[in-house]
Structures are given as structure tokens and as C-alpha cells.
């Protein structure tokens with residue numbers, strides 16, 4: 001007989017027991033795979049972040065996470081879940097180079113998430129990397145495929161704010177050429193950076209007093225110069 | 001991005017669950033031959049989505065932080081329970097409506113749109129109100145797509161359509177054109 | 001036994017020989033991932049793993065699972081396999097996982113898998129159930145691949161990332177956007193209908209010829 005055993009009125013206990021055992025075994029299997037893959041997944045995530053940060057801050061080879069707590073920017077190992085976090089980038093000898101700041105906002109089709117590099121001393125954006133976008137392929141997706149557009153962010157002044165202008169008409173240091181046929185997506189990227197900058201600029205310490213690169217020994221506690 | 005209005009309109013029109021994300025196709029293609037049934041199913045689905053969004057938020061905030069790997073199973077249990085509960089509720093409050101809806105109620109459980117809603121909301125880190133607004137937009141958008149297709153299908157019943165294309169093939173092509181029309185909503189929120 | 005066999009055939013007719021039924025039910029969230037061939041293959045493999053694994057377990061334990069809670073048990077088993085697949089993909093191929101995004105967990109809602117457990121795996125010995133699962137999953141993978149290939153070739157001018165047509169090809173961008181998914185599947189189903197129509201016509205001609213002979 002191939003059909004499932006038809007015991008008619010299976011006792012409630014049997015029903016509950018079956019479900020419980022199934023749930024238990026399932027739980028064990030899931031926890032098992034989770035623990036097994038956790039190190040790889042965490043390493044992947046960290047590597048992706050490092051690569052993005054190094055891309056938007058040229059010359060940087062070390063980084064650490066920074067959050068704004070109790071009125072100052074402090075170094076953290078692991079930011080809280082909903083805490084806005086930015087990253088400090090440091091060169092080989094450990095000197096501060098700039099901040100890598102994540103930002104997101106509505107684009108043409110859906111939300112665009114980017115990471116941009118910012119040097120507070122000169123008040124310029126030095127790099128931009130699109131982390132997530134669902135813009136129109138062939139048009140809006142040029143915000144990361146068009147090398148010229150991305151290069152336009154390599155020395156972009158934020159004073160008073162970034163402006164996207166028609167392609168070929170860039171004349172000021174705070175202007176960037178938009179992408180022909182993808183004006184809305186280009187302007188969205190610019191707007192996202194402007195809004196993020198407006199939100200963070202009050203919380204950044206004055207140039208020259210950025211948090212030092214914390215050594216990985218647990219003894220170190222002082223964050224600011 | 002956290003703008004509630006953007007979330008609502010995005011889920012409703014710009015990134016419609018059915019026509020952009022291909023979620024909820026089972027009822028979309030199977031049920032939309034009657035305008036009235038479509039509207040009723042859409043409303044029921046919207047309600048389930050709202051409840052699911054709230055439960056998902058509660059789970060995410062208090063329970064799943066400690067066991068993120070149990071997310072999928074928890075969501076499914078929540079959805080199945082909600083549908084069961086609504087079935088009982090409708091049966092008690094309005095037996096006529098219950099009979100009218102027939103088999104479509106339990107079918108809501110396998111609707112990918114509801115599970116998709118829970119997963120998307122989790123991935124985007126939506127809070128309580130964002131989740132509710134998202135569920136409203138998604139549910140109404142789902143209903144809208146269903147009602148549109150149902151209306152078109154009812155109209156086409158009376159026309160001369162080649163036998164070959166009748167059925168799911170035609171519905172899919174109509175859906176494709178609807179999807180194209182909805183693409184026009186992109187850019188709704190651009191501050192150009 | 002004859003009644004069981006004919007019942008089996010009938011069920012197979014519903015699920016396997018009716019491509020419209022199978023294609024549409026199993027395709028729900030799948031249309032979203034077929035915007036490129038490689039995504040389609042990845043999703044097909046993940047579904048393959050879940051379907052075969054679940055069928056194996058369901059069939060092995062079919063005498064132990066009480067009838068009243070069988071659907072819940074099936075769902076628990078399927079969800080477990082999907083979670084395993086999800087984490088494995090995330091660890092091994094994070095880029096592909098990012099492309100597929102939330103649609104991997106949505107394999108759980110794929111009516112094809114649950115339907116297969118209910119219709120076949122819970123009623124047949126392990127070996128048969130696994131063979132059936134492999135067959136279904138392969139068919140599903142092929143369907144996904146054909147959908148993904150068509151959309152990528154027309155919408156991107158490439159296949160598996162390899163550019164086919166060179167610089168001057170103007171891609172039909174709508175193909176890799178949602179409308180393209182609907183339209184491609186609709187046209188494929190159209191071909192199936194046409195094919196079936198021709199087959200039926202042929203069979204009728206054969207039957208008519210036989211009648212006129214006898």
C-alpha cells in the first residue's frame with residue numbers, strides 16, 4: 001500500500017508529536033547550516049565593505065567604523081543595528097584620509113544605495129560607488145556603468161551643494177555632468193549625497209581632529225585626538 | 001527613502017507587486033476571470049498582508065534577532081495562521097461572503113505576494129509604520145492589478161479571439177502590456 | 001491496482017502533460033529571476049535541490065506522517081531545504097545570491113514543489129518519488145533556462161554574460177524588464193498551444209484514416 005497510513009482518527013498526541021519532531025529536526029538542520037556558513041558569510045560581507053571603502057577613498061588601506069554617540073564621533077567594533085554608521089579611512093602609516101559615507105534615497109525606479117568618499121579638510125567628494133540600484137538597464141544603470149560619470153565624483157566640492165548640470169556644461173567645482181538620457185537617475189545620486197552630507201556635517205568633528213585609527217589591541221580606549 | 005508616501009506609492013504603482021515583481025501570479029492568472037471575485041480576493045489579501053506585516057515586524061524586532069535562520073519558517077507559520085483565522089472570522093461574521101469566496105480564501109496562503117511582502121520588508125529594514133504603509137500599498141496594488149486584468153478579460157469574452165491564443169497565453173500577454181503601462185509610473189517621485 | 005494506476009496517470013496528466021498548468025503554477029516568482037541565463041540556472045539548481053530533497057524525505061516518511069498534518073509537515077521540510085539552499089548560496093556565490101535576492105526564500109511558495117509532494121511523493125516509494133522529482137526539476141530548469149536565455153539574448157545581446165552580437169546590436173531592453181518576462185512566457189505558451197493543436201490535428205487525421213480503412 002502506497003498511500004499514507006490512514007489511521008482514521010489519529011490521536012491528537014500523535015499529530016502534535018509528529019509536528020514537534022519535524023520542527024525539531026528542521027531546527028537542528030537549519031542551525032547547523034547557519035553556523036557552518038556564518039564565518040564565510042561574515043568574511044564575505046566584511047571584504048565587500050572594505051573593497052567599496054577603498055574604492056571611494058583612494059590611497060586608503062585601513063578603515064574603522066564610526067558612529068555618533070553622546071555628541072561625538074566614536075570608534076566602534078560593531079555598530080548597533082539601526083545606528084547610522086560611517087567609515088573612517090586611513091592610509092598605510094595610519095593617517096586619516098577621509099570618510100566613506102553610506103547614503104540612500106529614491107531614484108528613478110527604486111531606491112539607490114551608494115557609498116561616497118569625503119575629505120572634510122578640503123570639503124570635497126573624492127569617490128562614489130553604487131551599492132544597490134534597480135534603475136533602467138541601458139539608461140539609469142549608467143550611474144555605475146558610465147566610467148566618465150563615476151569619475152566626475154573624484155574631486156567634487158560640496159560647497160554650497162553639488163549640482164548636476166547638463167552634460168558638457170560643467171564649469172564650477174561643485175558641478176557634475178549628468179548622464180544624457182538618465183538625468184533623473186544622475187540627479188537622484190547627487191540629491192542623495194547632498195542630503196546625506198546635510199545630515200552628517202553637523203556631527204563631523206572639525207578637520208584635523210578626526211578619530212585616530214584605533215589599534216586592534218583591546219587596551220586602547222581613547223578615540224579622539 | 002524612509003518617506004512613508006514614497007513607500008506607499010512605490011508599492012502601489014511604481015514597483016507594483018504583481019506587474020513588476022511577478023508576485024501573486026497564481027491568483028492573478030487563475031482568479032481574474034470575474035471582476036467581483038477579484039476585488040474580494042484582493043481585499044482579503046490586503047488584510048492578510050497588513051496582519052503579516054505587523055507580525056513580521058514583531059518577530060523581527062523581538063524574536064528573530066536571536067535566531068535569524070528561523071525567519072522563513074516563522075513567516076510561513078504566521079501567514080498560514082492568519083489565513084486560517086480570517087477564514088474562521090468571515091465564516092462567523094458573514095456566512096454568505098464565506099460561501100461566495102469559497103476556495104479562494106485558503107489559496108491566499110500560497111500567495112507568493114504575502115511571503116514576498118514579509119521578506120522584502122525585512123530586507124529593507126522597515127519599521128512598524130513603514131511596514132503597515134508598505135502592506136497597504138502592496139495589497140491595494142495587487143487588488144488593482146487583479147481588477148484591471150479581470151476587467152480586460154471580461155471585455156475580451158465578448159470579442160472574437162483566435163482559439164489558439166485563448167487562455168493563459170493571452171492573459172500573460174495582456175499582463176505584459178499592463179506591466180509596460182505601469183512602467184510609466186517610474187520617476188513619479190523624482191525632484192527633477 | 002488498475003484503479004490506482006489510472007489515477008496515477010490522471011494526476012500525471014494534470015501535472016506533467018499539461019505544460020500550461022505546470023509552467024504557470026511553477027513560474028510564480030520565477031519570472032523575476034529569468035532576466036539573465038545565469039540567474040535562471042542558479043534558481044533552477046536551487047529549486048532542483050529543494051524539490052529532490054523534499055521529495056526524498058516526504059516519500060521516505062510517508063507512512064509515518066499522519067494525514068491531518070501532512071501539509072504542515074511538507075511545508076516544514078520544504079522550508080528547511082530552502083533555508084539551507086539560501087545560506088549555502090550566500091556563502092559560496094554571494095554575487096549570484098545578491099541578484100536573486102529575496103526570491104530564494106520565495107521558492108517555498110512555489111506551488112510546484114508543494115504540489116509534487118501532495119500529488120506524488122507522499123504516495124510512492126522513495127526511488128520513484130526521487131526520479132519523479134528529478135524529472136520535474138529538470139523540466140523546470142530547462143523551462144527557466146529557455147526563458148532566461150531568450151530574454152538575455154534579446155534584451156542584452158549576450159548569453160551567460162558573453163556578448164553575442166558585438167557593438168552595433170541595439171538591445172531590446174524591455175525584454176529584461178518585467179513586461180519582457182510576461183510577454184516571453186506568453187509567447188512560449190502560445191507555441192505550446194500551437195504545437196498541441198497541430199498534434200491533435202495529426203492524431204485526428206490518423207484516426208480518420210484508420211476508420212476509413214477498416
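Any read-out appearing in this document is the output of simple, stated calculations on the displayed coordinates, not a laboratory observation. Owing to the predicted nature of the structure, the values given are computational and were not obtained by experimental measurement. Backbone-built Cβ (ideal geometry, glycine too); neighbour counts: all protein chains shown.
Per residue, the convex hull spanned by the Cα atoms of chain A measures out at 216 cubic angstrom. Both the radius of gyration and Dmax for region C:2-213 are 19.8, 66 Å, in that order, over alpha-carbon atoms. Taking a point 7 Å out from the Cα of residue A:209 in the direction of its Cβ, the residues of region A:71-104 whose backbone N falls within less than 17 Å of it are A:71-75, A:96. Here the simple spin-label model places points 7 Å from the Cα toward Cβ, and for residue A:67 and residue C:160 these points are separated by 4.5 nm. A straight chain from residue A:180 to residue A:47 at 0.36 nm per residue would run longer than the Cα-Cα distance by 44.5 nm.
Please find the FRET efficiency linking residue C:142 to residue B:163, where r is the Cβ-Cβ separation and R0 is fixed at 41 Å, and quote it to the nearest 0.05.
It comes out at approximately 0.90.
For region B:112-163, evaluate the Debye formula with one uniform point scatterer on each Cα (no solvent term) and list log10 I(q)/I(0) at q = 0.26 Å⁻¹, rounded to two decimals. Normalising to I(0) and taking log10 leaves -0.95. At q = 0.17, 0.18, 0.22 Å⁻¹, what log₁₀ I(q)/I(0) does a Debye calculation on the Cα points of region A:100-225 give, no solvent, two decimals? With no solvent term, the Cα-only Debye profile gives -0.84, -0.91, -1.25. When shorter helices are ignored and each DSSP H run of at least 4 residues is given -39500 (n - 2.57), the per-residue value for chain B at 222 nm works out to -22000 deg cm²/dmol.
Distance between the modelled labels on residue B:89 and residue A:38, one decimal in nanometres: 3.7 nm (7 Å Cα→Cβ projection). With bins 5 Å wide beginning at 0, the percent of Cα pairs of region B:21-182 falling in each bin runs 1, 9, 17, 19, 18, 14, 11, 7, 3, 1, 1, 0. Here the spin labels are modelled as points 7 Å beyond Cα on the Cα-Cβ line, and at residue A:21 and residue C:60 they lie 1.3 nm apart.
Size descriptors for region B:1-109: radius of gyration and Dmax over Cα atoms are 15.7, 45 Å. Using alpha carbons only, how many angstrom separate the centre of region C:181-214 from the centre of region B:56-70? Using only Cα atoms to place each centre, the spacing works out to 52 Å.
Global dimensions of the protein assembly as shown from alpha-carbon coordinates: Rg and Dmax equal 27.2, 104 Å. Taking every residue in C:69-77 and counting other chain Cβ atoms within 10 Å of its Cβ, the average works out to 5. Averaging the Cα positions of each part gives two centres, and for region A:133-158 and region C:96-160 these lie 35 Å apart.
By other beta-carbon atoms within 10 Å, ranking C:63, C:124 with the fewest at the front produces C:63, C:124. Neighbour counts of C-beta atoms inside 10 Å place A:191, B:99, A:134 in the sequence B:99, A:134, A:191, starting with the fewest.
Available extension along the chain between residue B:124 and residue B:58 is 22.2 nm, counting 0.36 nm per residue and deducting the alpha carbon span.
Residues B:112, B:26, arranged from fewest to most other Cβ atoms within 10 angstrom of their Cβ, appear as B:26, B:112.
Multiply the residue separation of residue C:172 and residue C:127 by 0.36 nm, subtract the distance between their alpha-carbon atoms, and state the gained length in nm to one decimal.
Gain on extension, residue C:172 to residue C:127, equals 11.7 nm.
Across the residues of A:22-29, average count of Cβ atoms on other protein chains within 10 Å?
So the per-residue partner count for this stretch is 6.
Just checking the listed ones, A:68, A:90, A:34: in the Gaussian network model of chain A with Cα springs under 10 Å, the one fluctuating most is A:34.
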